[in-house]
2 protein chains.
Amino acid sequence: MFGARCLLRALRSCSSAPCPRHRPAARVSVRGALGVQSANGERVKVQGWIRSIRSQKEVLFLHVNDGSSLESLQVVADSSFDSRELAFGSSVEVQGQLVKSPSKKQNVELKAEKIEVVGNCDAKAFPVKYKERHPLEYLRQYPHLRCRTNVLGSVLRVRSEATAAIHSFFKDSGFVHIHTPVITSNDCEGAGELFQVEPSSKIKVPEENFFNIPVFLTVSGQLHLEVMSGAFTQVFTFGPTFRAENSQSRRHLAEFYMVEAEISFLESLQDLMQVMESLFKTTAMTVLSNCPKDVELCHKFIAPGQKDRLEHMLKNNFLVISYTEAVEILKQASQNFTFTPEWGADLHTEHEKYLVKHCGDIPVFVINYPLALKPFYMRDNEDGPQHTVAAVDLLVPGVGELFGGSLREERYHFLEQRLARLGLTEAYQW
Amino acid sequence: MFGARCLLRALRSCSSAPCPRHRPAARVSVRGALGVQSANGERVKVQGWIRSIRSQKEVLFLHVNDGSSLESLQVVADSSFDSRELAFGSSVEVQGQLVKSPSKKQNVELKAEKIEVVGNCDAKAFPVKYKERHPLEYLRQYPHLRCRTNVLGSVLRVRSEATAAIHSFFKDSGFVHIHTPVITSNDCEGAGELFQVEPSSKIKVPEENFFNIPVFLTVSGQLHLEVMSGAFTQVFTFGPTFRAENSQSRRHLAEFYMVEAEISFLESLQDLMQVMESLFKTTAMTVLSNCPKDVELCHKFIAPGQKDRLEHMLKNNFLVISYTEAVEILKQASQNFTFTPEWGADLHTEHEKYLVKHCGDIPVFVINYPLALKPFYMRDNEDGPQHTVAAVDLLVPGVGELFGGSLREERYHFLEQRLARLGLTEAYQW
């Protein structure tokens, strides 16, 4: 942390010489300040936004938040600091001394020596109100201000931690990161509806297409990664992908980020599932340990009980069942499904939910799907009447399908035959 | 490294029990194998592509590369292993013992016990030839195979390391990572020509626009980040950006990755320049220390002498001059420029190159540019007849402008006035 490092530097220089009262205070983040174990009057400067203000006869309590953590820092000031400008939402810079707090609510508080209002906020006109828990639908109207609420702040910090954890996981495992192209002429075997891209001012290139051929926004970097896996045994990408599905459901987004990886020389789904399980567990554990308060908030107000369920998942080894077993389990279920489970049909969300519950709320890998359900590049298991491919989906409680993957078909004549059967030979001649 | 970790595990289990000759060999990467300090007959499995093959009377030498490093691993095999399938470009899996190499060229070699050809390669038809240094223009024709060459492999590894280093730098400095949108309706104040986005199958949504308004590919996430910096004091993004400039020059790409950061409460360009200098130095040093051989190759064949120049940059503190000083230096230059240097005119590449040379090939920050040259959101210095803004560009030897930044104008009436003067009030009413 930047703030914490500044503080250390300040402490170091304080210890080597008597600390004059007016030496410049070291800038610390709220997170850095709250993390100080035994505050002892260190002079610091904190910058952020006022989250609450309570004025008593002789003292003024402010809570200042700077986005570095869910918790705010309590600032205690003489009532002479009180002013109309010190309002909910205003941005301030506070200088003072970090001291042990007499309250049990926090370890540390900041005894203000100087408070400067950097930006005013008209609390009446401000759409985010003090102490109110606004519905997410209401906050959607204020994309530029909603990140000042607890819940959106937490979500963004968790996303940031998860992103960093994913990059670290692959780097530590020896994967090479590849930026696969976003603008592409390839549609990755109909993974979804495409967005087309054109220069907006067509005046400069009147008669021809900018790229000579029609181009789209990527729906998956998989085929580009597969090419790279002919030179690097382990590659991954983590970039934006796009689907032009005209839907306002919770499960469809026009633009989202996706992690994709390819491993060369992989011979068993077992090895692939090991990477998936490690990625899930490493990322989840990093988030839980680096932003426990944010996770707690989400689990309290957004997904009650989810934290216990997550810890339950992390403690247990994930399970593995075959698609055929999964269909048997569903057929024997007492529950009535909207879609009758049947060998050869896709698993629907209701089926996925049942399977996860059946497995004791532990994530479960479903392997070996019917060949007819899966794209041409998945490896044929050559397993007789019930013809399957070496595909795997990871089903997770509360989410459904989280990861999907497969062994890739490396036998040229198998690929040729399947492309021909699907009428894709022309499209994939390259 | 995944490979290295496997190796450690294998060594550990070997030491606790006598190691039978046929226990399964641990999979290691070439990088992992080459990194073993004192090889002592550990049984390992290496997978990769044959980079060279030399057959002697009784011994066969193979060099196997798996993309984890520029260097290949030397495999020494009995000549009985020789076969027509063992050819340049073929993929192989080799099991054997890691031993100290008698040659001075490498520390370690692999004594093969088993060699399996996983995929054949017809060396005659293969466009990448053994021991040939292909021009980059030739390799452009083979985007799916060029990553098997030394130079493209090195470039991709360096890019991967630099990407990881950038993420680590910001995380360690307490920045929150934000995925700013790629599809956007905002053109970030004319930073470049835009690409427009439309669903490719318009059948489903015949009469209306998919997003209700025209949307484009982002040219910069800056304005989205600025919004976030109203809740988090330090944010960054590192994503794809797009410019529809119809140009085949070395300096223009339709799609490229850009690092952007915003710091709230920042009051001086000095603090901003400190972050820029640290980012540059941390990233460059990480790349130099994690892939020295790749860097050496690039510097030998692509940019001769660049490594010394880079080390020279890392050793020195970057310099700072004002735009006004820069123009004075250019005016006094003995060199004739195509564009005559003049206060109020943009600095051209020839000027940037001269300035960097003038500064002893040390990167130099040029600050305080004329207001008329810069966008509306940069902070007015209010400095009289020569009216400037608090903008900064970092000029780097061999590159030119690498970073740009500014203090943002936070005074509302200044913003209003400048938007009005530029006729942008309507476009930015939000």
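Here A:Lys129 is the anchor, and the lysines within straight C-alpha reach of less than 27 Å, apart from those fewer than 8 places off in the same chain, are A:Lys45, A:Lys57, A:Lys104, A:Lys105, A:Lys111, A:Lys114, A:Lys293, A:Lys300.
The share of alpha-carbon pairs in the protein assembly as shown lying farther apart than 34 Å comes to 61%. Which far-off residues, 5 or more places away or on another chain, put their amide H under 5 Å from the one on B:Glu255, with H placed in the peptide plane? Hits under the 5 Å cutoff: B:Arg243.
In a reduced charge model with +1 at each Lys and Arg Cβ and -1 at each Asp and Glu Cβ, region B:345-404 shows a dipole moment near 80 debye about its Cα centre. Only the Cβ atoms of Lys and Arg (+1) and of Asp and Glu (-1) were treated as charged; on that basis the dipole of chain B about its Cα centre amounts to roughly 3040 debye.
For A:Met378, nonlocal amide neighbours, meaning residues 5 or more places apart or on other chains whose placed amide H falls under 5 Å from its own, are A:Glu409. Starting from the label point of A:Glu342 at 7 Å along Cα→Cβ, the same points in the other copies fall at 7.9 nm, in ascending order. I need the shape label for region B:88-170. Rule: rounded when a/c is under 1.5, else prolate if a/b > b/c, else oblate, with a, b, c from the alpha carbon gyration tensor. It comes out oblate by the Cα gyration axes.
Using the Kyte-Doolittle scale, find the helices of chain A whose mean hydropathy is at least -0.5 and whose Cα atoms extend 20 Å or more along the helix's long axis, counting only whole DSSP H runs. Mind dumping the intermediate values first?
Working: long enough: A:2-16 (22 Å, 0.43); A:150-172 (32 Å, 0.24); A:269-290 (31 Å, 0.40).
Counting only whole DSSP H runs, the qualifying helices are A:2-16, A:150-172, A:269-290.
For region A:315-392, the relative contact order is 32 percent, taking Cα pairs closer than 8 Å that sit 6 or more residues apart in sequence and dividing their mean separation by the residue count. Checking every one of the chymotrypsin sites (Phe, Trp or Tyr not before Pro) in region B:57-139 against DSSP loop status and a limit of 14 other Cβ atoms within 10 Å picks out B:Tyr130.
Here the Gaussian network model covers chain A, with springs between Cα atoms less than 10 Å apart; of A:Gln47, A:Gln106, A:Gln332, A:Gln332 fluctuates the most. For region B:73-198, relative contact order (Cα pairs under 8 Å, six or more residues apart, normalised by length) works out to 18 percent.
The largest-to-smallest principal axis extents of the Cα set in chain B are 83, 64, 48 Å.
Checking every one of the chymotrypsin sites (Phe, Trp or Tyr not before Pro) in region A:380-429 against DSSP loop status and a limit of 16 other Cβ atoms within 10 Å picks out A:Tyr428.
A Gaussian network model of chain A, with springs between Cα atoms under 10 Å, assigns the largest mean-square fluctuation among A:Ser91, A:Ser68, A:Ser79 to A:Ser79.
I want the antiparallel fraction of DSSP beta bridges within region A:59-110, as a percent rounded to 5.
Numbers: 9 of 10 bridges.
Among the beta bridges of region A:59-110, antiparallel pairing accounts for roughly 90 percent.
Whole-Hz Karplus values for region A:75-80 come out as 10, 10, 10, 5, 5, 5 Hz, taken residue by residue from phi with 6.51 cos²θ - 1.76 cosθ + 1.60 and θ = phi - 60°; glycine and proline positions read x.
Full extension of the chain between A:Glu132 and A:Glu416 gives 96.1 nm of extra length, using 0.36 nm per residue less the Cα-Cα distance. For a quick check of your reading of the filter: which chymotrypsin sites (Phe, Trp or Tyr not before Pro) in region A:256-352 sit in a DSSP loop and have no more than 14 other Cβ atoms within 10 Å? Those satisfying the criteria are A:Phe337, A:Phe339, A:Trp343.
Each 10 Å bin, from zero up to the one with the longest distance, holds this percent of the alpha carbon pairs of region B:308-430: 13, 39, 29, 15, 4, 0.
Overall form of region A:257-331: oblate. Here a/c, set by the Cα gyration tensor axes a ≥ b ≥ c, is 1.5 or more, and a/b is not larger than b/c.
Close amide H pairs (under 5 Å, H built 1.01 Å from N) link A:Ser322 with A:Ile367, residues at least 5 positions away or on another chain.
Against the empirical curve 2.2 N^0.38 Å, the C-alpha radius of gyration of region A:23-139 lands at a ratio of 1.05.
About its Cα centre, what dipole magnitude does region A:73-115 give when the only charges are +1 on Lys and Arg Cβ and -1 on Asp and Glu Cβ, stated in debye to the nearest 20?
Working: 6 positive and 6 negative charges, 54 e Å.
I would put it at about 260 debye.
Considering only alpha-carbon pairs that sit under 8 angstrom and 6 or more positions apart, the relative contact order computed for chain B is 9 percent.
Please find the FRET efficiency linking B:His252 to B:Asp346, where r is the Cβ-Cβ separation and R0 is fixed at 25 Å, and quote it to the nearest 0.05.
On the way: r = 17 Å, r/R0 = 0.66.
Rounded to the nearest 0.05, the efficiency is 0.90.
If R0 is taken as 51 Å, the Cβ-Cβ distance between B:Ala427 and A:Ala372 corresponds to a FRET efficiency of 0.45.
Laboratory data are not the source of any read-out in this text; all were calculated from the coordinates shown. Here the structure is a predicted model, which is why all the values come from computation and not from measurement. Cβ sites come from the backbone with ideal geometry, for glycine too, and all protein chains shown count toward neighbours.
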